[in-house]
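The values are calculated or read from the model by the stated rules, or taken from the named source; none is laboratory data. Computed from a prediction, not measured in an experiment: that's the story for all the values here. Positions of Cβ are backbone-derived with ideal geometry, glycine not excepted, and every protein chain shown enters the neighbour counts. These accessible areas exclude ligands, DNA and RNA; they are computed on the full protein's heavy atoms, side chains included. Shrake-Rupley method; radii C 1.70, N 1.55, O 1.52, S 1.80 Å.
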Amino acid sequence: MDPMNRLTHLREILRYVPRFRDRVFVIAIDGAVVEDENFRNLLLDIALLRSLSIGVVLVHGAAHQILKLAQRTGETPTNIDGSGITDDATLQLSLFASNRVAYELVEGLDAADLRGATGNFLVAHPAGILGGVDYQFTGKVERVNTDFLLSLIQQGVIPVVPPVASDGEGCSYRLNSDVVAVEVAAALKAAKLIFLNTYPGLVLPAEIPPKAGETLKAVLARHPVQKDTPRLIRSVSVEEAENLLKEARELLPQEIAQKFEQSVRAVRLGVPRVHIIDGRLEEGLLAEVFSNLGVGTMVHANEYQSIRRARKSDGRTIVSLIADGVVNEELVRRSRAEIERQAGDFFVFEVDRTPVACAALHLYAAEGKAELACVCVDPRFENRGIGTKMMQYAEDQARQAGMGQLFCLSTQTFNYFQNKGGFSPGNPDSLPAVRREKYDKSGRHSLVLVKNLVQGLPPR
Ligand SMILES: CC(C)(COP(=O)(O)OP(=O)(O)OC[C@H]1O[C@@H](n2cnc3c(N)ncnc32)[C@H](O)[C@@H]1OP(=O)(O)O)[C@@H](O)C(=O)NCCC(=O)NCCS
């Protein structure tokens with residue numbers, strides 16, 4: 001990589017850092033990835049996450065190792081991934097294989113100068129009799145020992161969570177590691193759940209099937225085909241993911257359909273972003289987390305449920321929201337008539353159906369640029385991430401409108417836009433001509449901040 005490229009890459013990484021500092025990422029590693037030659041590199045990527053003050057929890061699978069062990073011993077496991085029936089012999093294989101993987105992970109972390117620890121982080125119960133069939137030693141997660149996990153994370157330790165757990169009375173059960181990862185991520189209120197497996201993510205065929213449903217058509221349209229290769233779906237909202245599972249499940253390999261299903265479950269349980277990536281790609285983990293494009297598939301929550309387009313009738317509320325900001329010269333004065341005239345550009349964030357924040361997005365279509373303006377949060381609702389959501393929403397809207405750049409002008413809040421919004425200092429000369437004229441006339445000498453947008457993709 002040439003030095004300039006490296007620098008751009010570093011800038012892109014730094015843009016994401018404030019968002020993830022002191023948050024937890026749960027990384028679910030399939031057993032096959034632990035045996036891959038990229039495993040050592042993965043540990044270095046995890047070391048980088050830790051150095052950015054991101055708490056990491058590893059949840060591992062063991063299906064690959066169970067299969068290999070069974071081949072050696074000549075046994076036939078009743079199930080390998082913890083989703084079917086586990087008889088006593090398969091449980092013993094699972095315990096042996098799982099201990100081996102957990103040890104390799106702790107040992108690998110140690111070699112990367114990281115501290116890892118495995119233990120009883122879960123309480124399990126038997127899955128029981130399902131559809132008249134006794135699942136024997138297959139279990140389900142009853143409880144996640146959140147305090148134990150958090151205390152390790154606070155001490156800088158990386159907990160390694162195995163796909164077997166006991167019921168606290170001396171009986172062990174085999175669990176499905178994807179399900180464990182979802183439960184752990186939800187219990188820890190993780191910022192991300194990342195599945196590292198041996199598939200690139202959600203891949204759909206190049207050809208649109210003749211009877212494709214509406215969501216499948218919309219998702220395929222957003223991901224143009226490249227040289228007839230199967231399409232890697234970069235990002236879908238949780239609603240789209242649910243529809244795709246209904247409309248196109250048969251187009252997906254079983255393993256990916258299961259991961260996709262668990263991704264939806266995780267988002268519905270409150271994990272805002274879930275990623276499925278090929279754990280064997282060098283620097284794949286970093287590229288997925290720290291670049292808009294990513295390398296795999298992201299399933300994300302609809303974070304904009306509380307945001308709606310402003311109506312003319314919001315004019316008065318917006319005027320009173322921005323009043324203090326205008327007095328403090330943080331915001332440009334706007335009359336109610338002016339706001340009502342431009343109501344289509346404004347959007348508001350509602351709490352209990354009352355707007356508590358506003359912002360505007362003005363498009364300069366000819367130049368392919370959009371201006372984020374008038375960002376204002378009611379002081380009683382500050383520091384809850386509402387301003388950041390408004391910025392992200394505006395960015396998404398600008399991107400969907402095909403704009404290549406988002407800019408904003410600020411006299412006092414430039415640090416906020418840079419630290420929380422990923423803007424960089426720009427130049428008044430880069431403003432669209434009409435906007436430049438207004439800028440010169442205003443005499444405010446605001447700083448110009450810009451952000452280049454990657455088309456079609458929300459931030460990861
Ligand atoms: C700036 C503003 C939009 C932030 O909204 P918010 O919903 O409180 O912001 P978020 O919750 O997303 O982010 C809060 C973080 O931003 C930081 N922040 C807030 N205002 C800041 C500023 N002026 N400069 C730098 N950082 C700032 C907070 O310290 C907090 O940091 P932390 O997460 O590290 O603790 C809001 O304070 C506001 O409306 N200010 C008055 C109007 C204004 O200046 N608008 C921008 C003019 S274009």
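Table for the structure above
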{"quantity": "FRET efficiency, 1/(1 + (r/R0)^6) with R0 56 Å, evaluated for Asp429 and Lys211 via beta carbons", "calculated": "0.60"}
{"quantity": "Gain in span if fully extended, Thr73 to Ala117, counting 0.36 nm per residue against the direct Cα distance", "calculated": "12.9 nm"}
{"quantity": "Computed accessible area, Glu207, all protein chains, 1.4 angstrom probe, square angstrom", "calculated": "140 Å²"}
{"quantity": "The range 99-121 residues near the modelled Ser166 label - backbone nitrogen below 19 Å, point 7 Å along Cα→Cβ", "calculated": "99-103, 117-121"}
{"quantity": "Heavy atoms of Phe417: accessible area, 1.4 Å probe, square angstrom to 10", "calculated": "20 Å²"}
{"quantity": "Dipole magnitude of the range 307-452, debye to nearest 20 (Cβ charges: Lys/Arg +1, Asp/Glu -1, about Cα centre)", "calculated": "260 debye"}
{"quantity": "Area of Ile158 that stays accessible when all protein chains are in place (1.4 Å probe, Å², to 10)", "calculated": "0 Å²"}
{"quantity": "Calculated on alpha-carbon atoms, Rg and Dmax of the chain in Å", "calculated": "24.8, 83"}
{"quantity": "Cβ charges +1 (Lys, Arg) and -1 (Asp, Glu), total dipole of the chain, debye", "calculated": "1880 debye"}
{"quantity": "The range 89-179: GluC sites (Glu not before Pro) in DSSP loop, at most 12 other beta carbons within 10 Å", "calculated": "Glu169"}
{"quantity": "Trypsin sites (Lys or Arg not before Pro) within the range 351-418, DSSP loop, no more than 16 other Cβ atoms inside 10 Å", "calculated": "Arg353, Arg384"}
{"quantity": "Fully extended contour minus Cα-Cα distance, from Asp88 to Ser53, at 0.36 nm per residue", "calculated": "8.4 nm"}
{"quantity": "Förster radius 45 Å - calculated FRET efficiency between Asp352 and Glu282, Cβ distance, rounded to 0.05", "calculated": "0.40"}
{"quantity": "Around Gly31: net Lys/Arg minus Asp/Glu count, Cβ-Cβ under 11 Å", "calculated": "-3"}
{"quantity": "Normalised convex hull volume, the range 307-452, alpha-carbon set, Å³ per residue", "calculated": "106 Å³"}
{"quantity": "Aspartates and glutamates whose Cα lies under 15 Å from that of Lys438, excluding same-chain neighbours fewer than 8 positions away", "calculated": "Glu371, Asp429"}
{"quantity": "Charge context of Arg309, other residues only, Cβ under 12 angstrom, K/R +1, D/E -1", "calculated": "0"}
{"quantity": "Angle in degrees between helix 238-248 and the longest Cα principal axis of the chain, rounded to the nearest 10", "calculated": "60 degrees"}
{"quantity": "Degrees between helix 177-187 axis and first principal axis of the chain (Cα, 0 to 90, nearest 10)", "calculated": "50 degrees"}
{"quantity": "Proximal charge balance of Leu114 [Cβ under 15 Å; K/R count +1, D/E count -1]", "calculated": "-2"}
